[in-house]
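A short write-up of the structure that comes next.
The values are calculated or read from the model by the stated rules, or taken from the named source; none is laboratory data. Note that the structure is a prediction, hence the values are computed from the model and not measured. Don't worry about glycine lacking a Cβ; one is built from the backbone with ideal geometry, like all the others, and counts go over all protein chains shown.
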Amino acid sequence: MLRSFATLVCSLFTALAGCDRRPPEVPVGELKFPAILLYGQTSGQVARDAEDLALIPVQRYMVLPEQMLVIDSNARVLEMRDIAGQHGGGWITLNPSGLMPVTFRLVPQGPGGMEQARTLLLACEFLGRRIDDDSIARIKERIRAARDMGAVFRAIDGTE
C-alpha cells in the first residue's frame, strides 16, 4: 500500500513538473543583426541591433498582435513572448508617439531557414517605411528573388 502511494506521488510530481517546462529560449545576444520584427501579419520593422529590437513604438505596444516574430540575419525565426513594457501608463500618456523599452523572451518558431522567413515576410501586409501598393509589390518581388537575408534587408531598405 505504501509503495503504491509513493509510486502515485512520484508519478504526479513527474507529470506536474513536465507541464511547467518552458520552451528553450534564445538569448538576444545570439541573434545576428539586422533582424526583422514582424507584428503578426500586419507589418514589420528592421532592428539594427539588440537595443533597437527592444524598442517598440508606443502605438504598437498598446495593441500588440497575438504573435510577434523575429527573423534574424541567419534566417532563424523566433517568437517574441512575455513582452513587458518598462514604463507605466503615465509615461505612455506623456509619450504617445515615443518608443517603449520592452523586455521579452525569444523562443524558436519552426525550423527557420530562408523559405520559412520568405513565407512569413510575403504574408506580411506592410514591410519597410513605404506603404503604397507599388512599393510593397516591388519589395515583395525582391524578397521572392532573394537568395539570402542580406538581399531581403536590402529590398526592405530600398537599397536593392
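Structure values in brief
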| item | result |
| --- | --- |
| Restricting region 27-53 to residues that are in contact with a Pro (Cβ under 6 Å, 6 or more places away or on another chain) and surrounded by fewer than 20 Cβ atoms within 10 Å (Cβ to Cβ), the residue that is farthest from Met100 (Cα to Cα) | Gly40 |
| Strands (runs of 3 or more DSSP E) wholly inside region 55-149 that include at least 3 residues being in contact (Cβ under 8 Å) with a residue 40 or more places away in the chain and hydrophobic (A, V, I, L, M, F, W, C) | 77-85, 99-108 |
| Any hit, region 85-103, residues being modelled with pLDDT of 95 or more and more than 16 Å from Ala50 (Cα to Cα) | no |
| Verdict on Glu25 being farther than 30 Å from Lys140 by Cβ, at pLDDT 90 or above and touching a strand residue (DSSP E or B) at 6+ places or on another chain (Cβ under 6 Å) | yes |
| Residue match in region 145-152 (condition: at pLDDT below 90 and in contact with a Ser or Thr (Cβ under 7 Å, 6 or more places away or on another chain)) | no |
| Region 109-131: number of residues that are surrounded by 15 or more Cβ atoms within 10 Å (Cβ to Cβ) and farther than 22 Å from Arg48 by Cβ | 1 |
| Some residue of region 2-18 being modelled with pLDDT of 90 or more, of a type in the set (A, V, I, L, M) and over 17 Å from Leu127 (Cα atoms) | no |
| Residue match in region 45-54 (condition: part of a strand (DSSP E or B), modelled with pLDDT under 90 and out of contact with any His (no Cβ under 6 Å at 6 or more places or on another chain)) | yes |
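Conditions (1) under 16 Å from the mean Cα position of the chain (by Cα); (2) buried (at least 18 other Cβ atoms within 10 Å of the Cβ); (3) hydroxyl-bearing (Ser, Thr, Tyr), marked per residue:
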site	(1), (2), (3)
His87	no, no, no
Val107	yes, no, no
Asp133	no, no, no
Ala137	no, no, no
Ile143	no, yes, no
Arg147	no, no, no
